[in-house]
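Taking it in order: structure first as structure tokens, then the write-up.
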Amino acid sequence: MDIRVENLTKRYGLQKAVDNLSFEVKTGEILGFLGPNGAGKTTTMKIITCYLGADSGDVKVGGISVNDSPEEVKKHIGYLPEHNPLYYEMPVIDYLRFVAQLQGVSPEMVNERIIEMINTCGLKGEQHKKIRELSKGYKQRVGLAQALIHDPSVLILDEPTTGLDPNQIIEIRELIKKIGREKTVILSSHILAEVEATCDRIMIINKGKIVADGTSEQLRKQAQGDELLRVAIEGGSRDEIFTALQALPSTALVDFASETQTVFELQSKPNVRSAKAIFELCASKGWYIGELTPIETKLEDVFREVTAK
Amino acid sequence: MKAIWTVARRELSSFFDSLLAYIMIVAFLGFSGFFTWIKGADIFYVNQASLQSFFGIAYWTLFFFIPALTMRLIAEERKTGTIEMLLTKPISEWDIVAGKFLSTLLLIVVALVLTLPYYITISTLGDIDHGAVWLGYLGLILMSAAYISIGIFTSSLTNNQIVAFLLALFIGIFFHIIFDVISSSLTSVSGGVFYYLSMSNHFESISRGVLDSKDLVYFCSIIFLGLFGAQMVLVKRK
């Protein structure tokens with residue numbers, strides 16, 4: 001099932017939490033939702049899951065509108081809210097049964113689904129414990145299990161790995177990847193590496209608006225613009241090499257990258273590559289290249305750049 | 001309908017798991033038993049085979065106990081955030097409110113069923129008006145239902161259980177006695193209105209053995225208004 005968000009706006013008082021937001025998530029896609037705190041990620045997710053209503057605009061899940069038939073939409077969505085609220089006094093298995101019944105899983109299927117969820121989410125040893133007694137990582141698994149109990153085609157996960165230790169984060173991430181193969185997933189997170197590792201597509205929002213959208217490579221390229229190289233040339237003096245590099249026709253800017261060594265950062269002119277010219281320069285002067293590496297923009301830089309405004 | 005029952009069953013098991021149900025039942029039986037059989041204008045003093053004195057005491061005990069049962073119903077879910085989990089499931093706000101109402105009412109019915117030995121004992125002591133006894137129980141159930149729905153409404157307003165409890169008592173005390181006191185000092189139409197609003201008048205007329213549609217309408221209206229209000233508060237979250 002695909003998700004189509006159309007001109008969504010939601011105000012809290014005078015402030016717009018979500019500002020005329022439109023995007024689409026294709027069936028089977030895992031979308032990573034990034035943004036600083038208060039950017040409108042959670043609000044958008046709450047509107048998609050019908051917990052909140054929009055001031056204007058619409059969300060269509062598999063063509064069904066959240067404004068017209070929320071109960072129909074809710075049947076197809078598995079949702080893990082931000083702080084993973086659970087009934088702490090309930091045993092895991094009772095809680096899953098309760099959620100299965102609420103989701104309208106047919107009575108003869110309920111036990112089968114519970115067993116499947118316990119296996120998928122690795123809750124076998126904990127199934128009879130009360131939720132209160134579980135560690136944070138296991139609570140998160142229970143949260144995922146309840147979101148998945150009715151085998152929804154859309155999965156909305158609001159910061160599924162906050163507060164977990166690195167091992168747990170990797171486990172939950174693997175789990176999401178495994179589950180996400182057949183489902184449409186929207187996942188929000190603060191951790192950029194996580195989004196990069198799990199998601200097909202990344203969307204960054206700021207102040208309720210989309211500021212970047214694409215795969216992680218696309219985003220990097222978009223932010224990077226012109227080619228940036230780190231060059232180490234040996235066999236000549238620093239100033240000599242510096243002036244020679246600066247004189248190359250493809251060079252826009254050269255900078256020393258080290259105080260003492262002959263290492264430079266070289267930015268090419270738009271749509272030009274400098275590697276060949278550098279090589280020929282070295283060949284003609286009798287220098288040799290010690291290092292030639294393209295400098296990649298990190299996703300962190302992209303994030304900071306697009307959300308700083 | 002199925003969703004209401006699912007919610008109600010979870011709520012009931014949470015009553016019993018948290019011991020709240022046992023404490024409530026024991027305290028209720030203790031209070032009403034003590035004042036019915038041992039202390040005050042008790043059954044032997046009246047020298048009549050009737051449960052009137054028990055109904056009078058239960059009328060007050062339930063008034064205080066019910067807000068204690070209902071205060072957490074929605075307030076706690078709001079506080080812990082589980083309300084978001086519930087409301088994003090394919091059930092309506094009404095299902096949630098009605099399920100919680102049903103669970104508490106069932107708990108009260110269980111507590112009342114446990115007082116049936118009083119009835120059995122007294123009926124062996126003399127001629128008892130069976131009709132009046134059953135209607136008295138019906139009156140207690142209707143009154144409980146009315147206070148439960150008020151309690152659920154106040155619980156939906158806040159995420160602080162104590163506030164929900166006090167607010168329920170505050171609203172309840174008007175129906176319980178204040179309207180009655182006002183009506184006795186007023187005459188003509190306004191006095192009649194307050195007389196009709198007072199719960200004690202309706203309860204007394206039922207527990208005396210007279211079932212009037214006027215009384216039924218009264219209780220059902222309060223129940224409906226309370227639950228409808230709670231539902232509207234939940235809907236308004238959007």
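Can you pull out the residues in the range A:44-67 that are closer than 18 Å to B:Ile83 by Cα and surrounded by fewer than 20 Cβ atoms within 10 Å (Cβ to Cβ)?
A:Gly53
Return the residues of the range B:75-91 that are at the interface with chain A (Cβ under 7 Å from one of its Cβ atoms) and either surrounded by fewer than 18 Cβ atoms within 10 Å (Cβ to Cβ) or more than 22 Å from A:Asp151 (Cα to Cα) (or both); say none if nothing qualifies. So that I can check it myself, show each step before the final result.
From the range B:75-91, those at the interface with chain A (Cβ under 7 Å from one of its Cβ atoms) are B:80-82, B:84-85, B:87-91; that's our starting set.
Result: B:Thr80, B:Gly81, B:Thr82.
Being more than 14 Å from chain A (Cβ to nearest Cβ), crowded, with 17+ Cβ neighbours inside 10 Å and within 30 Å of B:Gly131 (Cβ to Cβ) narrows it down to one residue among B:Phe34, B:Phe44, B:Phe65; which is it?
B:Phe65
Out of curiosity, is B:Gly151 among the small types (Gly, Ala, Ser), modelled with pLDDT of 95 or more and either over 30 Å from B:Thr88 (Cα atoms) or in contact with a helix residue (DSSP H, G or I) (Cβ under 6 Å, 6 or more places away or on another chain) (or both)? Reasoning before the result, please.
On the way: among the small types (Gly, Ala, Ser): yes; modelled with pLDDT of 95 or more: yes; either over 30 Å from B:Thr88 (Cα atoms) or in contact with a helix residue (DSSP H, G or I) (Cβ under 6 Å, 6 or more places away or on another chain) (or both): yes.
Here the answer is yes, as B:Gly151 does meet what is asked.
Go through A:Ala54, A:Ala17, A:Ala39 for me and flag whichever is aliphatic (A, V, I, L, M) and within 13 Å of chain B (Cβ to nearest Cβ). Before the answer, list the steps.
Details: A:Ala17 fails: within 13 Å of chain B (Cβ to nearest Cβ); A:Ala39 fails: within 13 Å of chain B (Cβ to nearest Cβ).
When all the criteria are applied, what remains is A:Ala54.
Please tell me if A:Glu6 is acidic (Asp, Glu), surrounded by fewer than 17 Cβ atoms within 10 Å (Cβ to Cβ) and within 17 Å of the chain's Cα centre (by Cα). Lay out the reasoning, then the answer.
Values: acidic (Asp, Glu): yes; surrounded by fewer than 17 Cβ atoms within 10 Å (Cβ to Cβ): yes; within 17 Å of the chain's Cα centre (by Cα): no.
Answer is no for this residue.
State all residues of the range A:120-137 that are out of contact with any strand residue (DSSP E or B) (no Cβ under 8 Å at 6 or more places or on another chain), at pLDDT 90 or above and assigned to a helix (DSSP H, G or I); if no residue qualifies, say none.
Within the range A:120-137, A:Arg132, A:Glu133 qualify.
Any idea which of A:Ser284, A:Ser274, A:Ser258 is surrounded by fewer than 16 Cβ atoms within 10 Å (Cβ to Cβ) and either within 17 Å of A:Ala247 (Cα to Cα) or in contact with a strand residue (DSSP E or B) (Cβ under 6 Å, 6 or more places away or on another chain) (or both)? Talk me through it step by step, then tell me what you get.
Working: A:Ser274 fails: surrounded by fewer than 16 Cβ atoms within 10 Å (Cβ to Cβ); A:Ser258 fails: either within 17 Å of A:Ala247 (Cα to Cα) or in contact with a strand residue (DSSP E or B) (Cβ under 6 Å, 6 or more places away or on another chain) (or both).
Sole residue among the options that is surrounded by fewer than 16 Cβ atoms within 10 Å (Cβ to Cβ) and either within 17 Å of A:Ala247 (Cα to Cα) or in contact with a strand residue (DSSP E or B) (Cβ under 6 Å, 6 or more places away or on another chain) (or both): A:Ser284.
Kindly evaluate A:Ala197 against the criterion of being surrounded by fewer than 21 Cβ atoms within 10 Å (Cβ to Cβ) and in a strand (DSSP E or B).
The answer is no for A:Ala197.
Search the range B:1-31 for residues being in contact (Cβ under 8 Å) with a residue 12 or more places away in the chain and surrounded by fewer than 16 Cβ atoms within 10 Å (Cβ to Cβ), and hand back the single one that is farthest from the other protein chains (Cβ to nearest Cβ).
Among residues in the range B:1-31 that are in contact (Cβ under 8 Å) with a residue 12 or more places away in the chain and surrounded by fewer than 16 Cβ atoms within 10 Å (Cβ to Cβ), the one farthest from the other protein chains (Cβ to nearest Cβ) is B:Ala27.
Going through the range B:197-219 one residue at a time, which ones are more than 27 Å from B:Ala49 (Cβ to Cβ) and surrounded by 15 or more Cβ atoms within 10 Å (Cβ to Cβ)?
If the condition is that a residue be more than 27 Å from B:Ala49 (Cβ to Cβ) and surrounded by 15 or more Cβ atoms within 10 Å (Cβ to Cβ), then B:Leu197, B:Ser198, B:Tyr218, B:Phe219 are the ones that fit.
The values are calculated or read from the model by the stated rules, or taken from the named source; none is laboratory data. The shown structure was predicted, so the numbers you read here are calculated from the model rather than taken from an experiment. Reconstructed Cβ throughout: ideal geometry from the backbone, glycine too, with neighbour counts over all protein chains shown.
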